[in-house]
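Let me begin by presenting the structure, written as C-alpha cells, before commenting on it.
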Amino acid sequence: GQSLEQPSEVTAVEGAIVQINCTYQTSGFYGLSWYQQHDGGAPTFLSYNALDGLEETGRFSSFLSRSDSYGYLLLQELQMKDSASYFCAVRSNFNKFYFGSGTKLNVKP
Amino acid sequence: DGGITQSPKYLFRKEGQNVTLSCEQNLNHDAMYWYRQDPGQGLRLIYYSQIVNDFQKGDIAEGYSVSREKKESFPLTVTSAQKNPTAFYLCASSIQLGDAEQYFGPGTRLTVT
C-alpha cells in the first residue's frame with residue numbers, strides 16, 4: 001500500500017521559519033511534490049524534488065532524502081497569507097500521485 | 001486567461017440520483033485527473049486520462065464514471081452506486097501524464113442527502 005505521514009497542524013508566528021515534514025512508504029517512487037491549499041480553494045503547486053537535496057524557490061524550499069523516504073517543506077519569513085494547508089504528494093508507479101492528509105499551518109501575528 | 005473551470009461550485013442532490021460534474025481546461029494539456037477530498041484528508045485519485053478517448057481508473061473509481069471525448073473536457077458522473085458521494089471534488093490537468101505540476105480547478109462541493 002501507499003502511506004504518507006505529515007503532522008496534522010503546525011503553528012508559527014509571522015516572520016519565523018517553519019518546517020513541514022513528510023515521510024512516505026510507497027511501491028515505486030519517482031519524486032515528491034508539495035502543494036498549498038487555502039480553505040475552500042484549489043491546491044496550487046509549490047515544488048517537486050526528484051533527486052536528493054534542497055530546492056529553493058523564493059521563501060519556500062523543499063528537501064528530499066530518498067534513502068530515508070523523507071522530505072520537508074521549509075517556509076521562511078512567514079506571512080499571514082501563508083496560513084493554509086500543505087500537502088506532500090509522491091509520484092509513484094504508472095504516473096500516479098498519492099497525497100498526504102495535509103498539514104494545516106496557522107501563522108499568528 | 002488560461003485555466004481550469006469546474007461548475008457548479010456547490011451541488012445538492014438526492015440519494016439515488018446520478019449527477020455529472022463539469023471540468024473544462026483551456027491550457028492545451030493532454031492529461032486530466034479527478035480527485036476526491038474528504039475533510040481532514042488528502043486527495044484521492046478517482047480517474048485519470050492521458051489523452052482524448054482514453055481514461056484509467058484511479059484508486060477509488062467504484063461508483064464513478066468519466067468520458068474524454070474532447071481534449072478540453074473531462075466530466076465526472078457520480079452514480080447512485082457510490083456509497084458515500086458527499087465530498088469536495090477537484091479536477092486537475094497537466095501537460096502530460098506524470099508531470100509533477102498539476103493545475104487544479106476551484107472544485108465542486110457535492111452534498112447528497
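General observations
- Residues of segment B:1-45 that are over 16 Å from B:K71 (Cα atoms), open to solvent by 40 Å² or more (accessible area, probe 1.4 Å) and outside any loop (DSSP other than H, G, I, E, B): B:S7, B:Y10, B:F12, B:R13, B:T20, B:R44.
- Qualifying position, being out of contact with any Cys (no Cβ under 7 Å at 6 or more places or on another chain), at negative phi and hydrophobic (A, V, I, L, M, F, W, C), among A:L74, A:L32: A:L74
- Entirely in segment B:55-113, the strands (runs of 3 or more DSSP E) that have 1 or more residues that are within 14 Å of chain A (Cβ to nearest Cβ), open to solvent by less than 40 Å² (accessible area, probe 1.4 Å) and at negative phi: B:87-94, B:108-112
- Selection within segment B:30-54: residues that are of a type in the set (D, E) and touching a strand residue (DSSP E or B) at 6+ places or on another chain (Cβ under 6 Å). The member of this set that is farthest from the other protein chains (Cβ to nearest Cβ) is B:D30.
- Restricted to strands (runs of 3 or more DSSP E) entirely inside segment A:70-109, those with at least 1 residues that are open to solvent by less than 20 Å² (accessible area, probe 1.4 Å) and at the interface with chain B (Cβ under 9 Å from one of its Cβ atoms) are A:84-91, A:97-99.
- Residue match in segment A:27-42 (condition: surrounded by 15 or more Cβ atoms within 10 Å (Cβ to Cβ) and away from chain B (no Cβ under 12 Å)): yes
- Condition met for B:S49 (outside any loop (DSSP other than H, G, I, E, B), farther than 25 Å from A:G41 by Cβ, open to solvent by less than 60 Å² (accessible area, probe 1.4 Å) and at pLDDT 95 or above): no
- Of all residues making up segment A:12-26, the number that are over 25 Å from B:F104 (Cβ atoms) and within 12 Å of chain B (Cβ to nearest Cβ): 0
- Segment A:43-57, residues that are open to solvent by 70 Å² or more (accessible area, probe 1.4 Å) and not acidic (D, E): A:L51, A:L54, A:T57
- Some residue of segment A:62-74 being modelled with pLDDT of 95 or more, under 23 Å from B:I95 (Cβ atoms) and out of contact with any strand residue (DSSP E or B) (no Cβ under 6 Å at 6 or more places or on another chain): no
- Checking A:S83, A:S8, A:S47 one by one, the residue that is closer than 28 Å to B:A31 by Cα, touching a strand residue (DSSP E or B) at 6+ places or on another chain (Cβ under 8 Å) and of a type in the set (G, A, S) is A:S47 and no other.
- Residue within segment B:36-46 that is of a type in the set (A, V, I, L, M, F, W, C) and more than 20 Å from A:Y30 (Cβ to Cβ) present: yes
The values are calculated or read from the model by the stated rules, or taken from the named source; none is laboratory data. The model shown is predicted, which means the values in this text are computed figures rather than measured ones. Backbone-built Cβ (ideal geometry, glycine too); neighbour counts: all protein chains shown. The accessibility values were calculated without ligands, DNA or RNA, using every heavy atom of the protein model including side chains. Shrake-Rupley method; radii C 1.70, N 1.55, O 1.52, S 1.80 Å.
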